Amino acid sequence: MGFFCLTVLFGTASQRSFSQVVAPAGVTHSPEEPPAPRQFVTRHRTRIAGKELAYKAIAGDTHLTNLAGDWVGDLFSFTYLLDDSTQRNRPVLFVFNGGPGSSSVWLHLGIMGPRRVVLTPTINPSVVPPFRLEDNPDCPLDVADVVFIDPIGTGYSHLAGKGKPTDFFGVDADANMTAQFIERWLTQHGRWNSPKFIMGESYGSMRAAVLPGALMGGPTTAAGIMRGITVNGVILLGTTLTGHNGPSSAAEHTRQEALKLPSMAATAWYHRPAARTTQTLAALHDEVAQFAQQDYLPALLKADKGQLPPAERQRLLRRLTQYTGLPATAFDAKLRLSPQAFARHLLAKEKLALGMYDSRYTLPTQNAGTDPVADDPAMGQYVPGFIAAFHDYLPSLGVRLEQPYGAIVWQGLNTGWNWERPQATSQNTAVDLANAMRNNSKLRLLVAAGYYDLVTTAAAARHEMEQAHPPADRVTYRTYASGHMLYLGDTAEAFAQDVRALIRSAR
């Protein structure tokens, strides 16, 4: 998302701490002069890959400035550093979610942090306390230090001094300020020679695609600064690369529609086991993706022009009903079926609606609201546990702040986001990433997706990336039996191992 009260047992061996360092309280300062940054430092132990590891957690502010050197914002981040003086230049992984108004809480407590939320059960969990956390054996701290970034306006990060929304709330401005944070983090921790990795989920995949260029810099970048920072690897999850303006042509928009079909077929496969053939989920997805490209897309283009013969329409309808589990009447005159309509109709007889963010989740159709996120059966059920558990977790990091933590903030961020990129050669930010891979022959890419994600579908994500023609030998595509947050369910370990493999490849 880029998008959970049993008391958390922070007294376990893995969470014994702490020494705490906090910025001085009661210090007065000019509205345009930054105070000493807040910082909270604690020490912990955990067990990963059969080894007990000691690590330091640092939560706190980083002051950000504009080109004139004016203080414009404080970015709050969470850093986990392995206590191992023999690995001064060990890899570091920078992690963020999407929105664009989302904090990093989802990746933080879902898969990449040393503690993770426990959803009971994983699919259709309880939405009321108690919630709890547990040590996370999938955290990659054994192979890399991990930094969670909350963009300005989310989490505890905020505008400050002379800061304006235009300094942060746009595709290029956001990438530039994230690059500035990384640059300052590397200097603060003396890690310029560390292999560097970036992970972005949902809108964060756009940020991750643009960020290598912003980190390298140049006279035509948004900042106009040559930072000269290269990265070793990029991980994209819940990938969406074309932004708010969408595909550049009507034909490309139609292709994106067609490429949602494999995820609908995967969802029908999950909910209708009696109708399954002997093929696996992966084989079904590949078959339907091929059908979508070779048969369904040409038919949609013909239908748009009123040139689809009735016999061909009937032939295609038979395949479409077979794949989706819905009757022919579910498709409109031009053979279209939106994922939203599919999610409402697949289990209509059972009076259940499916989650768009993870179609394994369901809620009753009766009394359904219209909010696309809060009323979504997936988001509506896993969000409460994540947020409650995170607030219970913060005191173990020494963080006790009165201000609300903005898990997701739409107002002023999503609603006022600047999607225009006057210097960009394409609306598809995969082009930015392919350019970075051209300039950096060591840069490797992992594109991860969930079969049951009806928002950013696996087939569409792969197509967006392949349109930019990145070096095929340095791109890995992985799809997991999960949803938009593809680490929920039994897939966390597999995804974590794929991330480890990418990080180890830099050695």
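Only one of the numbered conditions (1) under 20 Å from Ser205 (Cβ atoms); (2) exposed (fewer than 15 other Cβ atoms within 10 Å of the Cβ) is violated by Met356, and that is (2).
Have a look at Ala223, Ala289 and point out the one that is of a type in the set (Gly, Ala, Ser) and part of a helix (DSSP H, G or I). Outline the logic, then answer.
Working: Ala223 fails: part of a helix (DSSP H, G or I).
The match here is Ala289.
Tallying residues that are touching a helix residue (DSSP H, G or I) at 6+ places or on another chain (Cβ under 8 Å) and surrounded by 11 or more Cβ atoms within 10 Å (Cβ to Cβ) within segment 271-283 yields 3. Only one of the listed residues (Leu488, Leu433) is among the aliphatic types (A, V, I, L, M) and within 29 Å of Gly380 (Cβ to Cβ). That residue is Leu488. The residues listed here are Val399, Val455; of these, the one that is over 30 Å from Gly228 (Cα atoms), more than 21 Å from the chain's Cα centre (by Cα) and of a type outside the set (S, T, N, Q) is Val399. Looking only at residues in segment 212-224 that are hydrophobic (A, V, I, L, M, F, W, C) and farther than 12 Å from Glu183 by Cα, which one is surrounded by the most Cβ atoms within 10 Å (Cβ to Cβ)? So the residue we want is Ala222.
Being farther than 29 Å from Val475 by Cβ, acidic (Asp, Glu) and surrounded by fewer than 22 Cβ atoms within 10 Å (Cβ to Cβ), is that true of even one residue in segment 160-177? Yes, segment 160-177 contains a residue that is farther than 29 Å from Val475 by Cβ, acidic (Asp, Glu) and surrounded by fewer than 22 Cβ atoms within 10 Å (Cβ to Cβ).
Count of segment 408-440 residues, restricted to those that are in a loop (DSSP other than H, G, I, E, B) and modelled with pLDDT under 95, is 15. Quick check on segment 176-191. Is at least one of its residues part of a strand (DSSP E or B) and among the aromatic types (Phe, Trp, Tyr)? Checking segment 176-191: not a single residue is part of a strand (DSSP E or B) and among the aromatic types (Phe, Trp, Tyr). Checking every residue in segment 388-404 against the condition of being among the aliphatic types (A, V, I, L, M), buried (at least 19 other Cβ atoms within 10 Å of the Cβ) and outside any helix (DSSP H, G or I) gives at least one match. Selection of segment 462-471 for residues being surrounded by fewer than 18 Cβ atoms within 10 Å (Cβ to Cβ) and on the phi < 0 side of the Ramachandran plot yields Glu466, Pro471. If Arg444 satisfies all but one of (1) under 26 Å from Ala341 (Cβ atoms); (2) in contact with a Gly (Cβ under 7 Å, 6 or more places away or on another chain); (3) modelled with pLDDT of 95 or more, what's the number of the condition it fails? Condition (1) is where Arg444 drops out. Checking each residue in segment 83-114 for being in a strand (DSSP E or B) and closer than 22 Å to Ile229 by Cβ picks out Val92, Leu93, Phe94, Val95, Phe96. Selection of segment 153-165 for residues being more than 16 Å from Arg207 (Cα to Cα) and hydroxyl-bearing (Ser, Thr, Tyr) yields Tyr156, Ser157.
Sort through Ala496, Ala459 and tell me the only one that's touching an Asp or Glu at 6+ places or on another chain (Cβ under 7 Å), crowded, with 18+ Cβ neighbours inside 10 Å and part of a helix (DSSP H, G or I).
Numbers: Ala459 fails: touching an Asp or Glu at 6+ places or on another chain (Cβ under 7 Å).
Among Ala496, Ala459, only Ala496 is touching an Asp or Glu at 6+ places or on another chain (Cβ under 7 Å), crowded, with 18+ Cβ neighbours inside 10 Å and part of a helix (DSSP H, G or I).
The values are calculated or read from the model by the stated rules, or taken from the named source; none is laboratory data. Treat the numbers as computed from the prediction; the structure is a model and nothing was measured. Cβ atoms come from the backbone with ideal geometry, glycine included; neighbour counts cover every protein chain shown.
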